[in-house]
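Visitor: Please see the structure below; I have some questions.
The values are calculated or read from the model by the stated rules, or taken from the named source; none is laboratory data. None of the values given here were measured: they were computed from a predicted structure. Cβ: placed from backbone, ideal geometry, glycine included. Neighbour counts: every protein chain shown.
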Amino acid sequence: MTTTKSDRPLFRVTFSRITGKDASGNDQLARPKEIGAVWARKGDKAGGVISLDLIPIELTQRQGVLFLVPVVSGDADPA
C-alpha cells in the first residue's frame with residue numbers, strides 16, 4: 001500500500017517528563033514518548049489539528065514539555 005502525503009501526519013507529538021535539575025539548574029528531561037500527531041487541515045485551510053492518544057498527568061501539572069517532531073517520507077506509518 002502506498003501512502004500519500006495527506007495520509008501521514010505533519011508532526012508527531014512527543015512528551016518528556018521533567019526528572020530533575022542538572023548542576024546549572026536546568027531541567028533534565030526523560031526520554032520522549034509519542035502521544036499523538038498533528039494532521040493537516042482539509043481544503044485550503046492553514047494550520048493543523050492536534051490528535052492526542054493520551055494526555056500525561058505531568059502535562060497538566062506543568063512537569064514536562066511537548067515536542068513537535070516533523071514526519072519525513074522515510075518514517076514508518078504511525079501505529
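Visitor: Between a first residue in the stretch 42-65 that is part of a loop (DSSP other than H, G, I, E, B) and a second residue that is of a type in the set (Val, Ile, Thr), which pairs have beta carbons less than 7 Å apart while being 6 or more apart in sequence or on different chains?
Guide: Cβ pairs passing all conditions: ASP53/ILE35; LEU54/ILE35; PRO56/ILE35; GLN63/ILE18.
Visitor: Taking ILE35, is it out of contact with any Lys or Arg (no Cβ under 8 Å at 6 or more places or on another chain), in a strand (DSSP E or B), among the aliphatic types (A, V, I, L, M) and surrounded by fewer than 16 Cβ atoms within 10 Å (Cβ to Cβ)?
Guide: No.
Visitor: From the set of residues in the stretch 56-70 that are of a type in the set (A, V, I, L, M, F, W, C) and at pLDDT 95 or above, which is farthest from ARG12 (Cα to Cα)?
Guide: The residue in question is ILE57.
Visitor: Would a scan of the stretch 40-58 turn up a residue that is more than 13 Å from the chain's Cα centre (by Cα) and among the hydroxyl-bearing types (Ser, Thr, Tyr)?
Guide: Within the stretch 40-58, none of the residues are more than 13 Å from the chain's Cα centre (by Cα) and among the hydroxyl-bearing types (Ser, Thr, Tyr).
Visitor: Consider ASN26 against the criteria (1) more than 24 Å from VAL72 (Cα to Cα); (2) exposed (fewer than 10 other Cβ atoms within 10 Å of the Cβ); (3) in contact (Cβ under 8 Å) with a residue 12 or more places away in the chain; (4) not hydroxyl-bearing (Ser, Thr, Tyr): it satisfies all of them except one. Which criterion is unmet?
Guide: (3)
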